[in-house]
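Colleague: What follows is a structure written as structure tokens; I'll ask about it next.
The values are calculated or read from the model by the stated rules, or taken from the named source; none is laboratory data. Keep in mind that what you see is a predicted model, and the values were worked out from it rather than measured. Ideal geometry is used to build each Cβ from the backbone, glycine not excepted, and the neighbour counts take in all protein chains shown.
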Amino acid sequence: MRSSGRPPIIVLDGPAGAGKSTVAREVAKRMCLPFLDTGAIYRAITHVMLSKNIPPSDSPELRAALGEFTVSFRDGRVFACGGDVTEVIRTPMIERNVSPYSALPALRESLLGIQRAERSRGLVAEGRDMGTVVFPDADVKIFLTASPGERAARRHAERLARGEESNYDDILEQVKARDEMDANRAAAPLKRAEDAVTLDSTGLSFEEVVSCVMEEVARVLTPES
Ligand code: DC
């Protein structure tokens, strides 16, 4: 049961393609809370590093670029260092490169402040380490998962819907490779927080998943009578 009167922090963690973004966005809308897509932040910083030709290892160049990095979200678009990166951060180039950059402790450390900046207004955040590292004191922690096959099928459908070329088998391989890297890196690996509720969305509709999350939110945030 929640004890403080501050606006709630609701976090969803889980592997790539589990539906975290769409579910978290909808929960944020229903709760009238800001939505924080931390995957987009890691993708944006990967794009900035690639465009500056800075490899994914700790170096003075990397640290300098981290010091200058800014990211903002406006009207559903993502801006990094002033430029609109909404589309480019969803490309296969970023998909292939985001995990090695995300594994760098210096990079993760420098994003902590950015991710926590707006916490006083309450938020719904999604990522890999929201419940374990970034917001360990979150009011509601959900670990959203689904089978690799289902997650790959969703990514495949999203790409086709955007009019992009897509191959299911390639995506399944990418999903598995990214799971492996995200779960086995030393810095803030993908891991369920001990106090998180696990929700397996395999075979559930979007509405059903959102309802399950909203039930958990109501359970935690409704004062006992
Ligand atoms: O959720 P996504 O697919 O947009 O995330 C892209 C990558 O960013 C993912 O492979 C791992 C990394 N990431 C992370 O390390 N920590 C987070 N909180 C969010 C994403």
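Colleague: Given Pro148, Pro92, Pro100, which one is within 30 Å of Asn53 (Cα to Cα) and surrounded by 15 or more Cβ atoms within 10 Å (Cβ to Cβ)?
Modeller: Pro100
Colleague: A follow-up question, please. So which strands (runs of 3 or more DSSP E) stay within the stretch 32-83 end to end and still have 1 or more residues that are free of Cβ contacts under 8 Å to residues at least 60 places away in the same chain?
Modeller: Per the criteria, 71-74, 77-80.
Colleague: Based on what the data block shows, is Pro34 under 30 Å from Glu215 (Cα atoms), touching a Leu at 6+ places or on another chain (Cβ under 7 Å) and surrounded by fewer than 20 Cβ atoms within 10 Å (Cβ to Cβ)?
Modeller: Spelling it out, Pro34 is indeed under 30 Å from Glu215 (Cα atoms), touching a Leu at 6+ places or on another chain (Cβ under 7 Å) and surrounded by fewer than 20 Cβ atoms within 10 Å (Cβ to Cβ).
Colleague: Shifting gears a bit: Please pick out the residue among Arg178, Arg185, Arg154 that is over 30 Å from Ala106 (Cβ atoms) and within 12 Å of the ligand (Cβ to nearest atom).
Modeller: Among Arg178, Arg185, Arg154, only Arg154 is over 30 Å from Ala106 (Cβ atoms) and within 12 Å of the ligand (Cβ to nearest atom).
Colleague: Of these, Ile10, Ile41, Ile54, which one is more than 16 Å from the ligand (Cβ to nearest atom) and surrounded by 13 or more Cβ atoms within 10 Å (Cβ to Cβ)?
Modeller: Of Ile10, Ile41, Ile54, the one residue that is more than 16 Å from the ligand (Cβ to nearest atom) and surrounded by 13 or more Cβ atoms within 10 Å (Cβ to Cβ) is Ile54.
Colleague: Does Ile142 fit the bill of being touching a helix residue (DSSP H, G or I) at 6+ places or on another chain (Cβ under 7 Å) and more than 21 Å from Arg96 (Cα to Cα)?
Modeller: Spelling it out, Ile142 is indeed touching a helix residue (DSSP H, G or I) at 6+ places or on another chain (Cβ under 7 Å) and more than 21 Å from Arg96 (Cα to Cα).
Colleague: Return the residues of the stretch 14-31 that are within 16 Å of the ligand (Cβ to nearest atom), at pLDDT 95 or above and either crowded, with 20+ Cβ neighbours inside 10 Å or hydrophobic (A, V, I, L, M, F, W, C) (or both); say none if nothing qualifies.
Modeller: Val23, Ala24, Val27, Ala28
Colleague: Specify which of the listed residues (Lys52, Lys20) is charged (D, E, K, R) and over 14 Å from the mean Cα position of the chain (by Cα).
Modeller: Within the list Lys52, Lys20, the selection yields Lys52.
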